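Student: Quick one: the structure is below, questions incoming.
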Amino acid sequence: MNIVDINKPETEPADEYQRLKAALHRFVIERIEDEDVFYDGDTKRLAKSIAAYIGQYCRIYEFPIAEDEQAVLEKELLDEIAGYGPLQSLLEDPDVNDILINGPTSIFIERNGVLEKTKLRFLDDRHVLRVIRRMISPLGRRIDESSPLVDGRLPDGSRINAIVPPLSLEGPCLSIRKFRQEALTEDDLVSGGAISQEAMDFLKDAVHARRNILISGATGSGKTTLLNALSQYIVDGQRIVTIEDAAELQLQHSHVVRLETRPPNNEGIGEVTARELLRNALRMRPDRIIVGESRGGEVLDMLQAMNTGHSGSMSTVHANSAEDAITRLEMMVGLADFKGSDTLCQKMISSALDYIVHVGRCQDGHRAVFEIAAVSGKQCELEPVFCYDQTTRTMIRKARNQNGVERRSEPRTPQTGGGLS
Ligand SMILES: Nc1ncnc2c1ncn2[C@@H]1O[C@H](COP(=O)(O)OP(=O)(O)OP(=O)(O)O)[C@@H](O)[C@H]1O
Ligand SMILES: [Mg+2]
């Protein structure tokens with residue numbers, strides 16, 4: 001059964017304009033279907049048909065419409081048929097990072113780090129569902145009561161997640177993390193105040209010296225963005241294997257193998273997890289492994305890989321602080337059937353990781369590196385190397401560990417070609 005009962009009348013749109021749009025929309029769609037003017041990628045032809053049908057509607061129902069209103073309606077209907085409806089303009093706006101839809105009348109966006117509610121709205125639940133289905137059908141996925149949540153990517157690389165009733169009580173919900181076609185570079189991050197040049201140089205040295213780096217932070221705090229920027233410091237020619245749920249990293253290197261996890265299909269089979277990919281990656285003779293996000297059992301394999309010759313590896317983790325990142329790792333290792341004691345687990349994390357870089361969002365939405373901490377000792381002691389002062393918006397170099405990456409310990413020696421031990 002469909003999640004939305006098709007016999008149920010559609011929710012009454014809020015105002016006159018929405019009512020007109022809904023009626024016009026139905027009128028145009030019906031004509032387009034009746035006359036077989038299906039959309040074949042020719043947007044100009046479709047726009048012409050839409051304009052003609054709007055004119056026809058206004059004549060039949062003696063509905064006067066101003067030229068500029070007609071132009072807006074034409075664009076909206078075009079977006080509806082050829083694009084993603086009310087979301088099309090947001091998807092085309094380069095200043096919008098995230099689009100969050102909580103049911104038909106609640107659309108939020110994140111612009112310049114700040115979340116705001118838009119005036120845009122869908123006609124009803126079915127309208128949201130139609131757009132979700134348009135997004136996921138090219139991926140061979142479906143969404144309905146029996147399969148009520150879906151992850152995927154739009155053709156431009158944007159990450160999407162949809163969840164619908166009965167799991168969502170707000171009606172169909174959709175979250176989109178837009179893909180930035182031009183990744184933020186060192187210059188962007190430094191000039192935008194996300195990190196000081198000194199701290200960036202420190203991290204650059206750390207990447208060159210093949211330190212293992214974990215980037216921690218809350219959701220949307222800029223972990224992937226920083227990982228992407230740091231990965232650009234890897235010397236070209238090294239063999240990099242990346243593992244991600246949805247490929248977001250934009251590595252410019254000549255020798256990269258990108259692996260992507262696969263969710264189960266509609267029958268619940270065929271899933272390939274990050275852990276399986278990581279184990280496979282170890283057989284692919286990688287120089288460095290980059291795990292887009294550590295969230296499960298792959299952590300154990302990743303830490304082992306970091307300790308056994310795949311130094312210079314990097315990943316991200318959801319955590320509220322650098323300390324919390326260690327706790328999260330311990331928890332994930334525990335869930336991955338690690339048989340050793342807590343002490344052994346801490347020792348393994350400590351000898352695998354060199355630095356934790358914690359990123360976050362200030363109250364005004366500005367993103368920054370809050371802390372760079374060196375990991376050492378048997379119990380994963382953290383030694384702050386840089387800290388961010390939110391009031392002055394500056395990064396402060398801590399007194400200890402003044403000597404930088406190279407003197408902290410011997411540079412890690414790469415041993416390529418390691419198999420699964
Ligand atoms: N320093 C920055 N300046 C401006 N925009 C940024 C910065 N860092 C990240 N962003 C933007 O913020 C959004 C979230 O960034 P990113 O995807 O890196 O976060 P994340 O922590 O990896 O999120 P998630 O937890 O969902 O994976 C993106 O749209 C990105 O372009
Ligand atoms: Mg991310």
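Student: When the accessible area of the chain is computed with all protein chains present and a 1.4 Å probe, what percentage of it is carbon and sulfur?
Tutor: Roughly 49 percent of what the probe reaches on the chain is carbon or sulfur.
Student: Pulled fully out, how much extra length does the chain show between residue 341 and residue 134, if you take 0.36 nm times their separation in residues and subtract their Cα-Cα distance?
Tutor: Working it through step by step, the gained length comes to 69.6 nm.
Student: What does the C-alpha gyration tensor say about the overall shape of the stretch 84-181? Classify as rounded when a/c is under 1.5, otherwise prolate if a/b is larger than b/c, or oblate.
Tutor: In terms of gyration-tensor shape, oblate.
Student: Then there is this: Using a 1.4 angstrom probe on the protein heavy atoms only, could you order 89, 294 from most to least accessible area?
Tutor: 89, 294
Student: Next question. Angle check, please: helix 298-307 long axis (alpha carbons) against the longest principal axis of the chain (alpha carbons), in degrees 0 to 90, nearest 10.
Tutor: Value to nearest ten degrees: 30.
Student: Is any residue of the stretch 70-92 close enough, with backbone N under 20 Å, to a label point placed 7 angstrom from the Cα of residue 181 along the Cα-Cβ axis, and if so, which?
Tutor: It comes to 79, 82-85, 87-92, nothing else.
Student: Specify the angular offset, from 0 to 90 degrees and rounded to the nearest 10, of the alpha carbon long axis of helix 16-34 from the longest principal axis of the alpha carbons in the chain.
Tutor: That helix lies at roughly 80 degrees to the long axis.
Student: Excluding residues on the same chain fewer than 8 positions from residue 178, give the lysines whose Cα lies under 24 Å from its Cα.
Tutor: List returned: 75, 117, 119, 223.
Student: For residue 70 paired with residue 116, estimate the spin-label separation in nm (one decimal), with each label point 7 Å from Cα along the Cα-to-Cβ line.
Tutor: With each label point 7 Å from Cα toward Cβ, the separation is 3.2 nm.
Student: Multiply the residue gap between residue 205 and residue 59 by 0.36 nm, knock off their C-alpha separation, and tell me the result in nm, one decimal place.
Tutor: 45.6 nm
Student: Also, I was wondering about something else. Extension gain residue 167-residue 366, at 0.36 nm per residue separation less the Cα-Cα distance, in nm?
Tutor: Length difference between fully extended and current span is 68.4 nm.
Student: Also: Tell me the label-point distance for the pair residue 265, residue 108, using the 7 Å Cα-to-Cβ offset, in nm and rounded to one decimal.
Tutor: 3.7 nm
Student: Also: Express in Å², to the nearest 10, the accessible area of residue 61 obtained by rolling a 1.4 Å probe over the protein heavy atoms while all chains stay in place.
Tutor: 130 Å²
Student: Within the chain, what percent of beta bridges assigned by DSSP are antiparallel, to the nearest 5?
Tutor: About 65 percent, rounded to the nearest 5.
Student: Still on this model: What would the Debye equation give as log₁₀ I(q)/I(0) for the stretch 336-389 at q = 0.22, 0.29, 0.32 Å⁻¹, counting only Cα atoms as equal point scatterers?
Tutor: Rounded to two decimals, the profile gives -0.79, -1.03, -1.14.
Student: Provide the three semi-axes, in whole Å and in decreasing order, of the ellipsoid equivalent to the chain as defined by the square roots of 5 times the Cα gyration tensor eigenvalues.
Tutor: 48, 23, 19
Student: Run the 1.4 Å probe and let me know the accessible area of residue 318, rounded to the nearest 10 Å².
Tutor: 60 Å²
Student: Find the Rg to Rh ratio for the stretch 202-304, where Rh is the Kirkwood radius over alpha-carbon pairs and Rg uses the same atoms.
Tutor: That ratio equals 0.97.
Student: OK, next. Using only protein heavy atoms and a 1.4 Å probe, report how much of residue 185 is accessible, in Å² to the nearest 10.
Tutor: Rounded to the nearest 10, the figure is 70 Å².
Student: Please enumerate, by chain and number, the lysines with C-alpha under 17 Å from the C-alpha of residue 378, excluding those fewer than 8 residues away in the same chain.
Tutor: 347
Student: What percent of all Cα-Cα pairs in the stretch 186-408 falls in each 5 Å bin, counting up from 0?
Tutor: So the P(r) values, bin by bin, are 1, 7, 15, 20, 21, 17, 11, 6, 2, 1, 0, 0.
Student: From largest accessible area down, sort 191, 147; use a 1.4 Å probe on the protein chains.
Tutor: Values: 191 100, 147 20 Å².
Largest accessible area first, the residues go 191, 147.
Student: Could you tell me how far the Cα centroid of the stretch 333-352 sits from the Cα centroid of the stretch 281-330, in Å?
Tutor: Using only Cα atoms, the two centres lie 13 Å from each other.
Student: Tilt of helix 43-60 relative to the longest C-alpha principal axis of the chain, in degrees (0 to 90, nearest 10)?
Tutor: 40 degrees
Student: Another question about this same structure. Using DSSP to call loops (not H, G, I, E or B), can you name the trypsin sites (Lys or Arg not before Pro) in the stretch 111-147 whose Cβ has at most 16 other Cβ atoms within 10 angstrom? Walk me through the numbers before you get to the answer.
Tutor: Details: sites: 111, 117, 119, 121, 126, 130, 133, 134, 141, 142; in loops: 119, 121, 141, 142.
Answer in residue order: 119, 142.
Student: Accessible area, 1.4 Å probe, largest first: how do 179, 386 sort?
Tutor: 179, 386
Student: Something else now. For the stretch 186-408, give me the percentage of DSSP beta bridges that are antiparallel, rounded to the nearest 5 percent.
Tutor: Bridges in the stretch 186-408 that DSSP calls antiparallel: roughly 45 percent.
The values are calculated or read from the model by the stated rules, or taken from the named source; none is laboratory data. Bear in mind that the values here come from a model prediction, so they are computed numbers and not experimental data. Backbone-built Cβ (ideal geometry, glycine too); neighbour counts: all protein chains shown. Quick note on the areas: whole protein, heavy atoms, side chains included, nothing else; ligands and nucleic acids left out. Shrake-Rupley method; radii C 1.70, N 1.55, O 1.52, S 1.80 Å.
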